[in-house]
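Engineer: Got a structure here, written out as structure tokens. Questions coming.
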Amino acid sequence: MKVVKVVVIIFLFNIKIIYADLGILLNLNLNELKEIDISNKTTIISNTNTLNSIASNKHQLFVEQSALAGFNFFKLNLETRLYYRTILYTNRAGWMWEDNKVDIGIENNFSLDSDIIGIFADIKPLSFFGVRINANFIAMFNFASGGYVGFDSKDDNYSPGELNSRTKENSIGIMAGIAPYFVFKFKSFTIINYTHINYIFLGDRNYYYDPRTAILHSQNEIEIFNDIFLLANINSFNIGMNHSLTYLVNVNKLSHRIGVATVFNFSWIENTLNLDLLVSGGLNIGIPNYSSLTYIEMKTELSYKIL
């Protein structure tokens, strides 16, 4: 089930806040991941009672509601996800097959200037490897000083002051992505490597400002995100460091984030109801208008197992 994660990063710098993607840790269930034990070799389960027990949990249905807020500039995202989960293998045991699953569902991410709705699948065939795919429709709208802001050149000024003075418009687009990830949990620490590649087509101008990255995007853009976490396992929480990389292929822009991460979980009713609490912040490197400044965000997520 769902694990609550809190990402806390503290730097003693003048704080500026930008959007950051906290979805990396949301579905990894760190507290429930099984430790890698190579002595626990693969076996085929033939016991009828064991097979029946696994089969009884093969079909599950979840609903999640989350809220994310950022300050300076103001940011508010509400995300709803409904998905079905099944187990890939019911007759295999051993560390390689622990936590195998397939999640298939719908998702909607709403903010004050955009709505991203679509479908996704998260396929985890092995205990340490999975891949997530998504297809989304994007609508940006002129509301609350937000909306689509187009530019003719990637070298145009898009400082916060310039963005506030620009005319905001409505626009639509599409996004499709794939995200392979690796998770290795040992007795004392956990290693996570997550790469997300998106293709986005949005708007009618050569370039536009994307508040998800605080960087100008090409009308046809390929985003590459890579996140690496090294977390120590301490009782019921994890603490460690992370490095995040963002590369926009068509505008040839590379940026980084560095920080410290702490992960917590709250569960009730035999893991039927889970609350995720997240606070994140860190140091931006190479992001125009925000380089060498820190950011901070807060996120809560409530997950309920319907079936």
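Engineer: Pop out the carbon and sulfur fraction of the accessible area of the stretch 179-307 as a percent, whole number, probe 1.4 Å.
Structural biologist: Here carbon and sulfur together make up 66 percent of the probe-accessible area.
Engineer: Still on this structure: Once both labels are modelled 7 Å past Cα along the beta-carbon direction, what's the Ile269-Glu169 spacing in nm?
Structural biologist: Placing both labels 7 Å beyond Cα along the Cβ direction yields 4.8 nm.
Engineer: Whole number in Å², please: accessible area per residue of the stretch 224-281, 1.4 Å probe, ligands, DNA and RNA not counted.
Structural biologist: 48 Å²
Engineer: Oh, and also: Need one number: nm distance between label points at Asp152 and Ala93, each 7 Å from Cα along Cα→Cβ, rounded to one decimal.
Structural biologist: 7.0 nm
Engineer: Using each residue's phi in the stretch 273-287, evaluate 6.51 cos²θ - 1.76 cosθ + 1.60 at θ = phi - 60° and report the 3J(HN,Hα) Karplus result to the nearest Hz, with x for Gly and Pro.
Structural biologist: 10, 10, 10, 9, 10, 10, 10, 10, x, x, 9, 8, 10, x, 8
Engineer: Ignoring everything but the protein chains, give the 1.4 Å probe accessible area of Tyr247 in square angstrom, nearest 10.
Structural biologist: 70 Å²
Engineer: Separate question: State which entries of Lys185/Lys299; Lys168/Lys253; Lys58/Lys299; Lys58/Lys187; Lys58/Lys253 exceed 32 angstrom in Cα-Cα distance in the structure shown.
Structural biologist: Lys58/Lys253
Engineer: For the stretch 180-223, what's the relative contact order in percent, using C-alpha pairs closer than 8 Å and at least 6 residues apart?
Structural biologist: Normalised by residue count, the contact order of the stretch 180-223 is 32 percent.
Engineer: Ranked by accessible surface with a 1.4 Å probe, highest first, in what order do Asp227, Asp152, Asp115 come?
Structural biologist: Of Asp227, Asp152, Asp115, the descending order of accessible area is Asp152, Asp115, Asp227.
Engineer: Another question, then. Ignoring ligands, DNA and RNA, how do Tyr84, Tyr207, Tyr158 rank by accessible area with a 1.4 Å probe, largest first?
Structural biologist: Listed by decreasing accessible area, they come as Tyr84, Tyr207, Tyr158.
Engineer: Determine the shape class of the stretch 231-275: with a ≥ b ≥ c the square roots of the Cα gyration tensor eigenvalues, call it rounded for a/c under 1.5, and otherwise prolate if a/b is greater than b/c, oblate otherwise.
Structural biologist: oblate
Engineer: Another question, if that's okay. In the full protein assembly as shown, how much of Ile258 is accessible to a 1.4 Å probe, in Å² to the nearest 10?
Structural biologist: The accessible area of Ile258 comes to roughly 60 Å².
The values are calculated or read from the model by the stated rules, or taken from the named source; none is laboratory data. Every value quoted in this text rests on a predicted model; they were computed, and no experiment measured them. Counting neighbours? That spans all protein chains shown, and the Cβs are built from the backbone with ideal geometry, glycine included. Side chains are part of the model used for accessible areas, which takes the heavy atoms of the whole protein and leaves out ligands, DNA and RNA. Shrake-Rupley method; radii C 1.70, N 1.55, O 1.52, S 1.80 Å.
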